[in-house]
Every structure is written in structure tokens, then in C-alpha cells.
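Nothing in this text is a laboratory measurement; each read-out follows from the coordinates by a stated rule. Given the structure is predicted, the values throughout are model-derived calculations rather than measurements. Because the Cβ atoms are built from the backbone with ideal geometry, glycine has one as well, and the counts that use them run over all protein chains shown.
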Amino acid sequence: MKIDFITCISKNSADYAEFMRYHCEKLKSGKHEIIYKCIESVDAERLPKGYKCVTKTGDSNHNSLNHSLALNIAKNFIENDYVIFIDADIAILYPNWDDIIINELNTTACFGASYNDKLKYKNFPNLYLFAFRSYILDKVKLDFSPKLNKGKNKIQKFKINKEEAKIFGLKEGSILKCDTGWKLPLIIKPAGFNGKILEAVSMKSKKSQLPFENNVHKRFCFLHPSHHCEFHYKGKLFATHKQASRNHSFTGKEGQSWIKRIELYIKNGRKK
């Protein structure tokens with residue numbers, strides 16, 4: 001099988017994207033062809049090696065809008081049945097990861113990362129790692145656009161009703177943040193398609209599997225406790241998300257603190 005593997009490149013992204021591809025190549029099953037593509041977005045210093053740049057987007061003067069613009073354009077460059085939209089600052093660390101995704105997508109329309117944010121939807125794949133079968137595009141029009149206030153500088157939030165609660169996997173009356181990709185379950189579920197998620201595990205959770213070098217390293221990482229989220233598949237680490245890489249270069253202290261945890265995880269032996 002062929003997999004369209006598509007990421008967006010903006011500030012600081014190229015180094016992370018190359019790191020992601022390195023581990024994907026190292027751990028792929030060899031059964032499938034991974035076609036690495038990228039969209040050049042705003043403030044990209046360079047393009048990552050090993051990716052084909054398929055297009056370039058303009059500047060909407062808002063980070064979330066810029067991200068959604070790139071993702072929405074990416075749909076035009078899907079050429080194969082299996083597709084992965086993925087953030088550049090994710091590392092997939094699961095052996096035969098590509099075969100896992102193919103097998104999951106043979107039983108469900110979409111598969112991927114999930115949120116552990118109380119303001120985001122639950123139990124449905126999100127844009128961090130969003131794998132799907134391209135046939136769903138015959139019935140749905142994917143739209144990753146956020147919802148902004150009239151001044152177009154803040155992400156809107158709203159209280160969901162009973163019907164919306166079922167779609168978003170939340171309780172009636174919950175507050176939903178309309179950030180990039182918030183409409184995915186609202187678009188896909190009513191069309192009759194289902195999805196399966198990887199469990200989101202916080203850095204603070206006892207389930208977290210990425211180790212720390214020492215207490216100094218741990219304290220530094222915990223300065224950003226919402227970062228370094230892990231996504232688990234059947235209790236094992238499948239992928240990890242640096243997050244906020246636009247603000248943290250790969251070679252900077254924040255970027256390297258994440259890299260160190262990955263290196264230690266690999267050195268200590270992946271959880272069996």
C-alpha cells in the first residue's frame with residue numbers, strides 16, 4: 001500500500017520534520033510505501049530533506065488560520081487511499097507503525113491522536129496525527145478552520161447543546177474551544193463514518209513512558225506540563241508530541257529536553 005504522509009512546515013519545523021521522518025523510516029514495516037510530502041507555510045526557514053514540497057500557502061496573520069489553511073490545501077495533494085496528516089513535531093516510536101495504521105484504517109474511517117484538554121472534543125482523532133481513508137472525501141468536505149471572534153484575534157468558545165455533546169463526546173453544557181480542526185467530528189460523524197483514537201497521556205500521568213535523565217531535566221520539562229504528550233496504542237507508546245515547536249527550536253533547550261526523553265526511551269528499551 002501507498003501512504004500519503006503530509007505535514008506543514010513553518011517556523012522551526014524543518015528540523016523536527018526530519019527527525020520525525022528518521023524514526024518513521026527506522027521503524028516502518030517495509031510492507032508499504034511512505035510518500036513524504038510537505039506544505040510550506042508562513043515563516044519556514046527552509047524545507048526538510050526527504051519531503052516533496054507540493055505547494056506554498058500565504059499569510060492570514062493568525063497562527064491557527066495559517067495552520068488550517070495549509071491543512072485545507074493539503075487535501076488537493078492526496079493521491080492514495082491511505083492518508084496521514086501529522087504535525088511536524090511528532091515522533092512515532094512504535095515498530096511497524098505504518099502497518100498498524102493500515103490495519104486500523106481497514107476497520108475504521110479515521111484513526112489517530114486524541115486530546116486530553118478539557119476544552120477539546122473527546123474520543124475522536126485530532127489534527128496532531130489524523131490518519132484516514134481518502135474515500136471519505138467523496139462524502140465529506142474536511143475543513144480544519146478555527147472559529148475566531150469578529151476581531152479575528154481570539155479563538156471562540158461556546159457552550160454545546162445535547163445533540164452536539166453526543167458528537168463531540170462531551171457533557172451537555174460543556175465549553176468547546178473552536179481551535180484548528182475543531183469541526184472534524186461534526187463533519188465526519190454525521191456522514192456515517194467512525195473513528196478510533198490513540199490514548200492521550202500527559203507528561204504528568206503515571207502512565208507516561210518517556211523517562212527523564214534526572215530531577216533537573218524533569219523540573220525543566222515540567223515548566224511546560226502540557227507539552228510532551230504521549231499517544232498510546234494498547235498500552236504502549238506509539239508517538240509523542242513536542243508541541244509549540246514554533247516557539248522552541250529543535251536545537252534549543254526546550255527542543256533538546258524532548259529529544260533527550262526520546263533517546264532515553266530508546267536506549268532503555270521500548271516497553272514490550
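Can you list the residues, at least 5 places off or on another chain, whose amide H is less than 5 Å from the amide H of Leu148, using H built in the peptide plane?
So Leu148 has HN proximity to Gln156.
For Thr57, Thr7, Thr251, what's the fewest-to-most ordering of other Cβ within 10 Å of each Cβ?
Thr251, Thr57, Thr7
Report Rg/Rh for the stretch 1-67, rounded to two decimals, where Rg is the Cα radius of gyration and Rh the Kirkwood radius.
Taking Rg over the Kirkwood Rh, I get 1.02.
Under unit Cβ charges (Lys, Arg +1; Asp, Glu -1), what dipole magnitude, rounded to 20 debye, does the stretch 37-185 have relative to its Cα centre?
760
For the stretch 196-212, just list the computed ³J(HN,Hα) in residue order, Karplus coefficients 6.51, -1.76 and 1.60, θ = phi - 60°, integers in Hz, with x standing in for Gly and Pro.
So the Karplus estimates, Gly and Pro as x, are 10, 10, 8, 5, 7, 10, 5, 4, 7, 6, 5, 7, 4, 10, 6, x, 10 Hz.
For Lys267, which lysines qualify as cross-link partners when the Cα separation must be under 20 Å and same-chain residues fewer than eight apart are set aside?
The qualifying lysines are Lys26, Lys28, Lys207, Lys218, Lys236, Lys242.
For Ser60, put the label point 7 Å out on the Cα→Cβ axis and report which residues of the stretch 1-23 keep their amide N under 18 Å from it.
Within reach of a label on Ser60: 7-11.
Can you give the FRET efficiency for Asp117 and Lys26, using 1/(1 + (r/R0)^6), R0 = 30 Å, r = Cβ-Cβ distance, to the nearest 0.05?
Computed FRET efficiency for Asp117 and Lys26 comes out at 0.50.
Run the quick spin-label model on Asp81 and Cys53: label points 7 Å from Cα toward the beta carbon, then report their separation in nm to one decimal.
The two pseudo-label positions are separated by 3.3 nm.
Lys206 to Asp43: extension gain in nm, 0.36 nm per residue of separation minus the Cα-Cα distance?
Residue separation times 0.36 nm, minus the Cα-Cα distance, leaves 55.0 nm.
Using Cβ contacts closer than 10 Å as the measure, can you line up Met1, Met20 from fewest to most?
Lowest to highest Cβ neighbour count: Met1, Met20.
Between Ile175 and Glu18, what length in nm is gained on full extension when 0.36 nm per residue of separation is reduced by their alpha carbon distance?
52.9 nm
Which net charge results for the neighbourhood of Glu172, defined as the other residues with beta-carbon distances under 11 angstrom from its beta-carbon, given Lys and Arg at +1 and Asp and Glu at -1?
Summing Lys and Arg as +1 and Asp and Glu as -1 gives +2.
Counting Lys and Arg as +1 and Asp and Glu as -1, what is the net charge of the other residues whose Cβ lies under 15 Å from the Cβ of Met203?
Value of the local net charge: +2.
Per-residue ellipticity at 222 nm for the chain, helices alone: DSSP H runs ≥ 4 residues times -39500 (n - 2.57), over residue total, nearest 500 deg cm²/dmol?
Value at 222 nm, helices only: -7500 deg cm²/dmol.
Would you mind checking the pairs Lys147/Lys189; Lys75/Lys122; Lys204/Lys253; Lys52/Lys75 and listing those with alpha carbons more than 22 angstrom apart?
Too far apart for the 22 Å limit: Lys75/Lys122.
Any chance you could run the full-extension gain for Lys234 through Lys150? It's 0.36 nm times the residue separation minus the Cα-Cα distance, nm to one decimal.
Once the chain is fully extended between Lys234 and Lys150, it gains 26.0 nm.
Most mobile of Asn116, Asn63, Asn214 per a Gaussian network model of the chain (Cα springs, under 10 Å)?
Asn214
How large are Rg and Dmax for the chain when only the alpha carbon atoms are used, in Å?
Answer for the chain, Rg first and Dmax second: 17.8, 51 Å.
Which ³J(HN,Hα) values in Hz, rounded to whole numbers, follow from the phi angles of the stretch 71-76 under the Karplus curve 6.51 cos²θ - 1.76 cosθ + 1.60, where θ = phi - 60° and Gly and Pro get x?
Those phi angles translate into 5, 5, 6, 4, 4, 6 Hz.
What percent antiparallel are the DSSP beta bridges of the stretch 2-268, to the nearest 5?
55
By count of other Cβ within 10 Å, fewest leading, how are Ser114, Ser60 ordered?
So the ranking, lowest neighbour count to highest, is Ser60, Ser114.
Tally Lys/Arg at +1 and Asp/Glu at -1 over every other residue whose Cβ is under 10 Å from the Cβ of Phe212; what's the total?
That sum, taken over residues with Cβ under 10 Å, equals +3.
Using the Karplus curve 6.51 cos²θ - 1.76 cosθ + 1.60 with θ = phi - 60°, what ³J(HN,Hα) values do you get for each residue of the stretch 112-124, in whole Hz, with x for Gly and Pro?
x, 5, 10, 9, 10, 8, 5, 9, 10, 5, 10, 6, 8
Counting other Cβ atoms within 10 Å of each Cβ, which chymotrypsin sites (Phe, Trp or Tyr not before Pro) in the stretch 195-272 have at most 14 and sit in a DSSP loop?
Phe222
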